[in-house]
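The block underneath contains the structure these notes are about, expressed in structure tokens.
Every number in this text was worked out from the coordinates using simple rules, so none of it is lab data. Predicted model, so just to flag it, every value in this text is computed and none were measured. Here the Cβ positions follow ideal geometry from the backbone for every residue, glycine too, while neighbour counts run over all protein chains shown.
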Amino acid sequence: MIPAPFDYLAPTSVADALAALAEHGDDAKIIAGGQSLLPVLRMRLNAPEVLVDLGRIPSLRGIREEGDEIVVGAMTPHATVGADPLLAEHAALVGRAVEHLADAQIRHRGTFGGALAHADPAGDLGAVALALDARFVIAGPAGTRTVPAEEFFVDLFETALGEDEILTEVRLPKHTGWGAHYEKFVRVAHQWPIVAVAATVRVEGGAIAEARIGLTNMGNTPLRARAMEEALAGQPLTEDAVASAAALATDGTAPPSDLNGDADYRRHLATVLTRRAVLAAAGA
Ligand SMILES: Cc1cc2nc3c(=O)[nH]c(=O)nc-3n(C[C@H](O)[C@H](O)[C@H](O)COP(=O)(O)OP(=O)(O)OC[C@H]3O[C@@H](n4cnc5c(N)ncnc54)[C@H](O)[C@@H]3O)c2cc1C
């Protein structure tokens, strides 16, 4: 189908983009890589009168090191994120997830910020942002604010972003030296997961010193497997210890039931995938 007609604006600064959003209010919609929005427009599930394209704002692209954080511009494409040496060194979990995200074409068009702003519970990056304690920098009419990952994801396809706000960058605390693994269970290649697990682990002297685990598609938002994380802290790095902690992986989850699997199936998957992800992240 062809989308409903819309006007197209391509501002070259965040200030101009914010002004466009303020002027057009509910009639305007941001477009980033278009990989999620364009299908929605073509199916006429949404028909904004104005599209505000962030693609010509250079300050929204790129990856840099700032103190204890790696800062990823919202408009940085997945392919750039996946190949970035700073992220590989200090937040390896990001690259582990991006290599499984969609196909090469989508990874070249789709953006890090666009995927997180879209907040699809089956999207791969939310669990990663949560596991790494990312901070989301949001520009709006009243200035800039920073929202922790725990508060950014509000509900199904809903974030802390207001209609008149722009996600400008995502700040990832360094996890240098931590092992990382993304375990994704799909029905067909290059698709959203039925369930996936983002795990990053710090191993010290043959024991798990700390583990951070994010769950994809186990509720309306990405979730942290906190009970499992707590059970793992200080445990020896053995299959038995990880398997017994993985029994707690589904605490606090509310997985959906759909044609790909019911909630019980997803709970079972989460138990299996968290065990695999933690062992792989720890290099066991
Ligand atoms: C066939 C296919 C397979 C895919 N497979 C996967 C997959 O396996 N895993 C996965 O995680 N994703 C997958 N995706 C989605 C892909 O990751 C998209 O890149 C992502 O969902 C949206 O990013 P985008 O830059 O294209 O954003 P857009 O589609 O342009 O925008 C998405 C939404 O976010 C809003 N938005 C975008 N940027 C900002 C911003 N900076 N500030 C505020 N709001 C903003 C837009 O208004 C829109 O509502 C797939 C997509 C397709 C088409």
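If both residues of a DSSP beta bridge must be in the chain, then about 85% of such bridges are antiparallel. Remark on region 1-76: hydrodynamic radius 13.5 angstrom, per the Kirkwood mean of 1/r across alpha carbon pairs. Taking other residues whose beta carbon is less than 10 angstrom from the beta carbon of E89, and scoring Lys, Arg as +1 and Asp, Glu as -1, yields -1. Of the trypsin sites (Lys or Arg not before Pro) found in region 139-205, those that fall in a DSSP loop while having at most 12 other beta-carbon atoms within 10 Å are R187. If the Kirkwood radius is taken over C-alpha pairs of region 164-240, then at 10 °C and 1.306 mPa s the Stokes-Einstein diffusion coefficient equals 110 µm²/s.
A simple rule links phi to the HN-Hα coupling: the Karplus curve 6.51 cos²θ - 1.76 cosθ + 1.60 with θ = phi - 60°, which for region 136-145 gives 9, 9, 10, 9, x, x, 8, x, 10, 9 Hz, with x for Gly and Pro. Here the Kirkwood formula puts the hydrodynamic radius of the chain at 19.3 Å, using every distinct Cα pair. Axis angle, to the nearest 10 degrees, between helix 14-24 and the longest C-alpha principal axis of the chain: 70 degrees.
In whole Å, how far is the Cα centre of region 180-215 from that of region 32-108? Centre-to-centre (Cα) distance: 20 Å.
Tilt of helix 263-281 relative to the longest C-alpha principal axis of the chain, in degrees (0 to 90, nearest 10)? Around 70 degrees separate the two axes. The relative contact order of the chain comes to 15 percent, based on Cα pairs under 8 Å that sit 6 or more residues apart. Contact order for region 114-176, expressed relative to its length and based on alpha carbon pairs under 8 Å spaced 6+ residues apart, stands at 38 percent. A full extension of the chain between V154 and F6 corresponds to an added length of 50.4 nm, given 0.36 nm per residue minus the alpha carbon distance. Only helical runs count toward this figure. For the chain, summing -39,500 (n - 2.57) over DSSP H runs of n ≥ 4 and dividing by all residues gives -8500 deg cm²/dmol at 222 nm.
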